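J.: One structure coming up, written as structure tokens, with questions to follow.
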Amino acid sequence: MAPVSDSRFEFRGDLSKTPLPEVLQTVHHYRVPGVLVVRRGEIEKKIYLWNGDVIFATSNDRDESLGSVLLRTGALTREQFDESVRRLVEARAAEETRRHGAVLVEMGLLTQEALSASVTRQVRSILYSVFDWEEGSVTFTVGRFRTDEIIQLEIPTRQAIVAGVKAVRDARRLIALLGPSWTVFDPCYAPTEIGDVALDAGEIRLLQHVDGTKTLRELVGLGPADAGHNGKLLYAFFVLKLISRRDVTSRTSVKKIQWSTSGGSYTPPS
């Protein structure tokens with residue numbers, strides 16, 4: 001994929017200051033097509049957005065290539081992998097545009113349906129992996145781009161934000177961004193505004209618990225899972241502007257607590 005025009009507007013940021021979910025929400029707010037590029041060291045990943053959806057993601061990390069993923073998961077043997085790479089190299093040497101997936105289908109190692117499912121899993125894995133990045137540069141280039149990928153996803157960006165936040169391994173980092181344990185949140189959404197987020201029944205109930213009276217400490221105990229998971233959901237709601245932080249300057253009668261998350265114990269900021 002490549003921009004159609006060289007006339008481009010670019011936004012540059014730092015993931016240590018603005019986490020990926022917040023960048024994606026800002027991009028979605030303006031509903032502009034473009035390519036989001038995140039870099040950390042030598043690793044570069046690209047997220048392609050079109051009509052409010054995430055349609056593809058790529059990575060220059062060889063471990064995230066389709067062939068490597070299929071080899072690692074046992075869908076390909078080492079011999080099959082090596083032969084498919086040999087054919088791919090030969091095709092490219094002859095200046096033929098070939099995809100590894102297409103080579104695997106031609107070899108009879110994957111059906112077209114299996115290829116589509118594998119690429120979908122690969123792209124989602126690349127996309128959600130970036131949500132764990134606590135540092136790195138981010139650039140969003142606005143503009144249309146030529147699409148030469150046969151297999152494309154249509155993941156609503158807000159749905160991708162929720163799924164990506166839920167996949168973050170260190171819940172403590174995201175919960176800390178919500179504020180201290182006595183922080184109170186107000187609802188600021190209409191029921192018709194959450195259809196594209198694809199929340200399940202338990203997640204909707206947690207959202208409904210946000211009523212302008214309950215603190216973060218109370219809300220993480222009311223969700224569908226443990227405190228870490230519930231805290232991540234609340235962060236996703238906050239990023240999507242379904243809830244807003246109330247300016248509470250007093251911490252009267254609110255005690256610090258410690259809860260257990262999948263990333264270890266977390267104590268809300270004092």
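The values are calculated or read from the model by the stated rules, or taken from the named source; none is laboratory data. Bear in mind that the values here come from a model prediction, so they are computed numbers and not experimental data. Cβ sites come from the backbone with ideal geometry, for glycine too, and all protein chains shown count toward neighbours.
J.: Among what's in the stretch 138-173 and is at pLDDT 90 or above and in a loop (DSSP other than H, G, I, E, B), pick the residue that is surrounded by the fewest Cβ atoms within 10 Å (Cβ to Cβ).
T.: Among residues in the stretch 138-173 that are at pLDDT 90 or above and in a loop (DSSP other than H, G, I, E, B), the one surrounded by the fewest Cβ atoms within 10 Å (Cβ to Cβ) is Arg169.
J.: Which pairs have Cβ atoms under 7 Å, sit 6 or more apart or on different chains, and link a residue in the stretch 85-100 that is basic (Lys, Arg) to one that is surrounded by 15 or more Cβ atoms within 10 Å (Cβ to Cβ) and in a helix (DSSP H, G or I)?
T.: Note: pairs meeting the criteria are Arg87/Val103; Arg98/Leu88; Arg98/Ala91.
J.: List pairs: first in the stretch 167-185 and more than 13 Å from Glu134 (Cα to Cα) and small (Gly, Ala, Ser), second buried (at least 21 other Cβ atoms within 10 Å of the Cβ) and at pLDDT below 95, Cβ under 7 Å, 6+ apart or cross-chain?
T.: Filtered contacts from the stretch 167-185: Ser181/Pro268.
J.: Would you please name the residue that is nearest to Pro156 (Cα to Cα), looking only at residues in the stretch 182-214 that are of a type outside the set (A, V, I, L, M) and in contact with an Asp or Glu (Cβ under 9 Å, 6 or more places away or on another chain)?
T.: Per the stated criteria, the residue is Pro187.
J.: While we're here: Which of the residues that make up the stretch 89-105 are of a type in the set (A, V, I, L, M), out of contact with any Lys or Arg (no Cβ under 6 Å at 6 or more places or on another chain) and in a helix (DSSP H, G or I)?
T.: Val89, Ala93, Ala102, Leu104, Val105
J.: Could you list, in sequence order, the residues of the stretch 40-79 that are in contact with a Pro (Cβ under 7 Å, 6 or more places away or on another chain) and among the hydrophobic types (A, V, I, L, M, F, W, C)?
T.: The answer is Leu49, Trp50.
J.: Report, by residue number, each residue of the stretch 55-82 that is assigned to a loop (DSSP other than H, G, I, E, B) and surrounded by 20 or more Cβ atoms within 10 Å (Cβ to Cβ).
T.: Leu76
J.: So, one more: Please report, ordered by residue number, the strands (runs of 3 or more DSSP E) entirely within the stretch 215-270 with at least 2 residues that are at pLDDT 50 or above.
T.: Per the criteria, 243-245.
J.: Tell me, yes or no, whether the stretch 4-12 has at least one residue that is among the hydroxyl-bearing types (Ser, Thr, Tyr) and under 13 Å from the mean Cα position of the chain (by Cα).
T.: no
J.: Test each condition in (1) surrounded by 14 or more Cβ atoms within 10 Å (Cβ to Cβ); (2) touching a strand residue (DSSP E or B) at 6+ places or on another chain (Cβ under 7 Å); (3) not in a helix (DSSP H, G or I) for Pro180 and report the one that comes out false.
T.: It is condition (2) that Pro180 fails.
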